[in-house]
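The values are calculated or read from the model by the stated rules, or taken from the named source; none is laboratory data. Here the structure is a predicted model, which is why all the values come from computation and not from measurement. Glycine also receives a Cβ, built like all others from the backbone with ideal geometry; neighbour counts cover every protein chain displayed. Ligands, DNA and RNA are excluded from the accessible area calculation, which covers all protein heavy atoms including side chains. Shrake-Rupley method; radii C 1.70, N 1.55, O 1.52, S 1.80 Å.
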Amino acid sequence: MAEFSSIQKNKLVQKLKGINVTTEKEILNLKVAELKKINEMENIQNLTLKDIEIIWLMQEAIEKKSLLEFFTNTE
């Protein structure tokens, strides 16, 4: 599995904040339609396939209760 930098992860978090996704529960419940909103917003950089992969990994980390390790690359 690919490693992602803290910068990539933080950029994704900023994109999610742009569509008001700010809690772990909201991240777990993300739908493709909500992600499409990111690409429709002019002030937010478009979502990439890498971003979607990071979201999947973030969801896994939330389910494992290891989100801190996910963001500090200490998994």
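A few remarks follow.
- Neighbour-limited loop hits for chymotrypsin sites (Phe, Trp or Tyr not before Pro), the range 38-75 (at most 14 other Cβ within 10 Å; DSSP other than H, G, I, E, B): none
- Rounded to the nearest 20 debye, dipole of the chain from Cβ charges on Lys, Arg, Asp, Glu: 180 debye
- Sites residue 14 and residue 66 - FRET efficiency at Förster radius 25 Å, r taken between beta-carbons, to 0.05: 0.70
- For the chain, the relative contact order is 33 percent, taking Cα pairs closer than 8 Å that sit 6 or more residues apart in sequence and dividing their mean separation by the residue count.
- For P(r) over Cα pairs in 10 Å bins from 0, in percent, computed directly from the structure shown, the correct entry in [x] 18, 39, 25, 14, 4, 0; [y] 20, 41, 25, 13, 1; [z] 19, 57, 23, 1 is [z].
- Estimated inter-spin distance, residue 3 and residue 33, nm [label 7 Å along Cα→Cβ]: 3.9 nm
- Ordering 37, 64 by accessible surface, largest first, gives 64, 37; the 1.4 Å probe counts only protein heavy atoms, with every chain in place.
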